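To keep things clear, I will list the structure first and then write my remarks on it.
The values are calculated or read from the model by the stated rules, or taken from the named source; none is laboratory data. These numbers come from a predicted model, not from an experiment. Every residue, glycine among them, receives a Cβ derived from its backbone with ideal geometry; neighbour counts consider all protein chains shown. Calculation scope for accessible area: heavy atoms of the full protein, side chains included, ligands and nucleic acids excluded. Shrake-Rupley method; radii C 1.70, N 1.55, O 1.52, S 1.80 Å.
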Amino acid sequence: MKVYYDFQILSLQKYGGISRYFFELINGIRALGAEANINCLHSRNYYFKDLIKIYDTSKNNNIINTIDLRLFRQLNRIRALMDMRKGYDIIHPTYYSPYMLGRHRGKLVITVYDMIQEKFGGRSRVADVKSKMLHAADHIIAISENTKKDVLDIYPDIKAEKVSVIYLASSMTVHENSGTNPLGRPYVLFVGGRNWYKNFVRFAKAMRPILKTHPDLCVFCVGVWGGIICRRT
């Protein structure tokens, strides 16, 4: 079996659950003896830095930095379309751009993580292209039963047998919890980047009155950008 993964999420994420998912998936498929390939001309993704050869703008390469990153996306599309015609059994895009529709060979598989945008955020460009890909896919992987239910509720024309639930996993080593509090005080844990997508500003505003009324409580942030926030103002 030969599986091809495209460049999309490597161009979008330096860290993140989706790129980590595909990193684990590619390594897992290769460990089973099957062929899993991915190519990308430009990326700052942490997980793939040793898996494929990519240009990295974080190394202050002035030549790369002067080139419009949109050009890299176009070049990546051209390369991916060429790769997708090389006899792969499965094409598994790493995000929802429909650029390959009608121009690829092999079965098209899409992974869907949630339907939050469609349920609560209204229509958007991402939701629109995601809809195209879900309808065009030969098969859909949903990461939970609830995600599958949401897909079928929102798009009743998609047949249930087209959607399989495959839960997420990890190659990380599991360590037994020592039971000790790392801060030595009560805290609220925030996981992820402190940007608009994760609603950190809204979270911080909501926590402010709580922290004022609970002086022993603090907010502990882990994830992209690192650091600890422990304030009561």
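Structure above, values below:
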quantity: Qualifying residue in segment 128-140 (condition: in contact with a strand residue (DSSP E or B) (Cβ under 8 Å, 6 or more places away or on another chain) and assigned to a loop (DSSP other than H, G, I, E, B)); calculated: yes
quantity: Residue count, segment 149-165 (criterion: part of a helix (DSSP H, G or I), touching a strand residue (DSSP E or B) at 6+ places or on another chain (Cβ under 9 Å) and not β-branched (Val, Ile, Thr)); calculated: 4
quantity: Leading residue by the ranking (least open to solvent (accessible area, probe 1.4 Å)) among those in segment 12-21 that are out of contact with any helix residue (DSSP H, G or I) (no Cβ under 6 Å at 6 or more places or on another chain) and not aliphatic (A, V, I, L, M); calculated: Gly16
quantity: Qualifying residue in segment 169-190 (condition: within 20 Å of Tyr4 (Cα to Cα) and touching a strand residue (DSSP E or B) at 6+ places or on another chain (Cβ under 7 Å)); calculated: no
quantity: Residues located in segment 70-101, provided they are of a type outside the set (Lys, Arg), in contact with a helix residue (DSSP H, G or I) (Cβ under 9 Å, 6 or more places away or on another chain) and either assigned to a helix (DSSP H, G or I) or on the phi > 0 side of the Ramachandran plot (or both); calculated: Phe72, Asn76, Ala80
quantity: Segment 27-40, residues that are crowded, with 21+ Cβ neighbours inside 10 Å and either in a helix (DSSP H, G or I) or β-branched (Val, Ile, Thr) (or both); calculated: Ile38
quantity: Segment 76-102 residues that are within 23 Å of Glu24 (Cα to Cα) and open to solvent by less than 30 Å² (accessible area, probe 1.4 Å), paired with ones that are among the basic types (Lys, Arg) and in a strand (DSSP E or B) (beta carbon under 8 Å, 6 or more apart); calculated: Tyr88/Lys2; Ile91/Lys107
quantity: Which listed residue is in contact with a Gly (Cβ under 7 Å, 6 or more places away or on another chain) and either surrounded by fewer than 18 Cβ atoms within 10 Å (Cβ to Cβ) or free of Cβ contacts under 8 Å to residues at least 60 places away in the same chain (or both), from Val129, Val191, Val109; calculated: Val191
quantity: Answer residue from segment 143-162, given it is of a type in the set (A, V, I, L, M, F, W, C) and in contact with a Ser or Thr (Cβ under 9 Å, 6 or more places away or on another chain) and is farthest from Val129 (Cα to Cα) among those; calculated: Ile143
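Yes or no, residue by residue, for (1) closer than 30 Å to His92 by Cβ; (2) open to solvent by 50 Å² or more (accessible area, probe 1.4 Å); (3) among the polar types (S, T, N, Q); (4) out of contact with any Asp or Glu (no Cβ under 7 Å at 6 or more places or on another chain):
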{"site": "Glu145", "(1), (2), (3), (4)": "yes, yes, no, yes"}
{"site": "Lys149", "(1), (2), (3), (4)": "yes, yes, no, yes"}
{"site": "Asp153", "(1), (2), (3), (4)": "yes, yes, no, yes"}
{"site": "Pro156", "(1), (2), (3), (4)": "yes, yes, no, yes"}
{"site": "Ile166", "(1), (2), (3), (4)": "yes, yes, no, yes"}
{"site": "Ile210", "(1), (2), (3), (4)": "no, yes, no, yes"}
{"site": "Cys218", "(1), (2), (3), (4)": "no, no, no, yes"}
